[in-house]
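The structure under discussion appears below in the form of structure tokens.
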Amino acid sequence: MSLLDFARGPALQWAGIIFVLGMVWRTLGIFMLMRSSPLSANRDNHLFEHGVRTVWSRFVPAPVFEKKVSFQYVAGWIWHLGFLVVLLFYKVHVMFFEGLLGFGWPALPNSIVLAIAGVTLGVLLWLLGRRIFNPVLRYISTFNDYSSVIITTLPILTGLLTFTHFGIAYETLLAIHMLSIALLLVWFPFSKLFHVITLLPSRYVLGVKFWRRGVQA
Amino acid sequence: MTTRHVPLGERMQARGISRRSFMKFCATTASLLALPPALAPKIAQALEAQHRPSVIWLSFQECTGCAESFLRSNTPSVESLIFDTISLDYQHTLMAASGHAAEEAREEAMKANWGKYIVVVDGSIPTGDMGYSTTAGESNIDTLKHVAEGAAAIVCLGTCSAYGGIPLADPNPTGAVSVQDVITDKPIINVPGCPPIPAVMTSVLVQFIAFGALPELDHLNRPKVFYGQNIHDRCYRRPFYERGQFAESFDDEGAREGWCLYKLGCKGPTTYNACAVLKWNEGTSFPIEAGHGCLGCSEPNFWDKGSFYAPLATATHLDTTELAVGALAGAAVGLGAGYAGRAVQKRNKQGPFEAQPGVQPTAQPDPAEKEKS
């Protein structure tokens, strides 16, 4: 069995199963935990609406912190959206999902996806460098932070190398790209990348808690 | 089929082949082998002076497609001439002799050219029941070992002899193996393909005859000059791949426009061969040009790498049923973990406070002592 056969076959198979298993496991486990019941009267009667409002308001920086955190927000938006576009709208990726799901969707032209992937990779590398070289960020960063960024960056990097047939043989690049995706799938449910599931609910819970106490968050 | 010591140049003249045609062939061969043009006269000189090298062609588990591809050119070519100028002392399909006479011819050729003859093999070798494939009562593996003993080199013609090919495909009922699985002490050149390109075969023979040396080989023992690049990199449809223009089916507008066949399962990006450059039928066409994706026939285990019509970007083992099973397993584990977590939460709420392991209570300073200080 060649490296590509392994990557296309057992590696993606097991990574996919572990990904789904881990995501369902952790999601159910977290949502089944008991919530603490309030010990005082609510100071707001529209908690649901305000909780939802907090979910959306956190997508942009708070005015008071705008100068300090805008770069982080913009960079985050760029690479998250770029990653999604490349994942879902690159022709070859659409073929992958079509092979798995039985249906596909229109893709973007390769030149556009290539440009977006390049920008996404650049931003991710910049953020990784910033985390390494900024003393404050370095101080508060853990293994989970570095590994999650690197494991997210690898598929973009190897995908670009595969697309351009850069360096080594295409089948080796394609195999490495698929293995990097397998690594991402396995790492995803058990790392900070799981915030894909927890981000919005936790914002909602936080918003409700604040508004209940009269804090307009 | 006996060895005649008449130089090639004389035989060509006898057959009415002009010197110009011969030199053109030598120049083409030098070009195919990526040799400097200055070596073309040396190739001609070597071939002219060369006595017919003895070739013993062994056919095992095969379909004769490789031999057909090599021999059945519809017009005589200089390539067929060079084949005619080797001493083909043994070949089941072509030789006039049969039965014991044929086997005796092989033995005679081996004795007369011991250590110098070339063995060409097409077909894989069964290792299961020896009765699967025999010649004159002798199993293929015994014949191969016996004939290879006195060979100068072995040329594996076609994917079956090079890697086991279709006979080796799952479930491999005959226990088929390749030549290099059996013979490990002789130089082996693999010329894979189903079938291989005739010009590749003749060029390999010419290099061996002219220079007495094997061509440079890659990690799979294939001549680098022919198998150094993948088909995709030299495919005339490559620009469409770059632009993301793919045929969706074999009869849609994209297919008619000649767009890339990647989406229809073309294995060109992972297949190393010279098909896109040398082509078949005297350079007329090759499978992709005829409208069908590459099957990857010159790569090991090409038959067992998933559907020919599944794009390379797709997973071969993953499907939604397995993911659903994974989700169910995850739900079971998640529910278990959730209930366990709730139980711990309840116990913590009901019971007295207990310090977490490893947390030491900090001593509070006496206020009176603090005031004094």
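Just so it is clear, none of the values below were taken in a lab; they were calculated from the coordinates. What you see is a predicted model; the values in this text were computed from it and never measured. Heads up, the Cβs are rebuilt from the backbone with ideal geometry, glycines too, and the neighbour counts pull from every protein chain shown.
Observations on the structure shown:
- The relative contact order of segment A:1-159, computed from alpha carbon pairs under 8 Å that lie at least 6 residues apart in sequence, is 15 percent.
- Average partner coverage of B:236-243, which counts Cβ from other chains inside 10 Å: 2
- Put simply, the Cα atoms of segment A:133-203 extend 43, 30, 16 Å along their principal axes, the longest span coming first.
- Projecting the Cα positions of B:THR316, B:ILE166, A:TRP25 onto the charge dipole of the protein assembly as shown (unit charges on Cβ atoms of Lys, Arg, Asp and Glu, taken about the Cα centre) puts A:TRP25 furthest along the positive direction.
- Contour minus Cα-Cα distance for A:ILE132 and A:LEU206 (0.36 nm per residue): 23.6 nm
- Enclosing the Cα atoms of segment A:83-202 in their convex hull gives a volume equal to 131 cubic angstrom per residue.
- Computed from label points 7 Å out along Cα-Cβ, the spacing between B:ALA213 and B:ALA343 is 7.5 nm.
- Taking a quarter of the surface of the Cα convex hull of chain A gives a mean projected area of 15.4 nm².
- Listed peptides A:24-33, A:207-216 by packing density, highest first (mean Cβ within 10 Å): A:24-33, A:207-216
- Distance between segment B:156-174 and segment A:172-217 - C-alpha centres, whole angstrom: 48 Å
- Placing R0 at 60 angstrom, the Cβ-Cβ distance between A:LEU84 and B:THR28 gives a FRET efficiency of 0.70 after rounding to 0.05.
- Ratio of Rg to Rh over segment B:8-227 (Cα coordinates, Kirkwood Rh, two decimals): 0.96
- Restraint check, B:LYS24/B:LYS279; B:LYS145/B:LYS279; A:LYS91/B:LYS224; B:LYS116/B:LYS224; B:LYS279/B:LYS305; B:LYS116/B:LYS279, Cα-Cα greater than 29 Å: B:LYS145/B:LYS279; A:LYS91/B:LYS224; B:LYS116/B:LYS279
- Exposure proxy for B:SER31, B:SER59, B:SER161: other Cβ atoms within 10 Å of each Cβ, ordered fewest to most, give B:SER31, B:SER59, B:SER161.
- Coarse-grained scattering of the protein assembly as shown at q = 0.05, 0.07, 0.08 Å⁻¹, given as base-10 log I(q)/I(0) from a Debye sum over alpha-carbon atoms: -0.37, -0.62, -0.74
- The loop-placed chymotrypsin sites (Phe, Trp or Tyr not before Pro) in segment B:308-346, going by DSSP, that have at most 14 neighbouring Cβ atoms within 10 Å of their Cβ come out as B:TYR309.
- With contacts taken as Cα pairs under 8 Å at a separation of at least 6 residues, segment B:232-304 carries a relative contact order of 28 percent.
- Annotation for B:ASP304 and B:ASP251: the two label points, set 7 Å from Cα along the Cα-Cβ direction, are 3.5 nm apart.
- Computed over the alpha-carbon pairs of segment B:232-304, the distance histogram in 5 Å steps reads 3, 18, 29, 25, 17, 8, 1 percent, short to long.
- Here is what passes the span test in chain A: the DSSP H helices with alpha carbon length of 27 Å or more along the helix axis and a Kyte-Doolittle mean of 0.0 or above are A:12-32, A:66-89, A:110-133, A:143-163.
- Placed amide H near B:TYR117: partners under 5 Å, 5+ positions off or other chain: B:ALA152
- For A:LYS192, B:LYS111, order by how many other beta-carbon atoms lie within 10 Å, fewest first: B:LYS111, A:LYS192
- Arranged from fewest to most other beta-carbon atoms within 10 Å of their beta carbon, B:GLU62, B:GLU289, B:GLU68 become B:GLU68, B:GLU289, B:GLU62.
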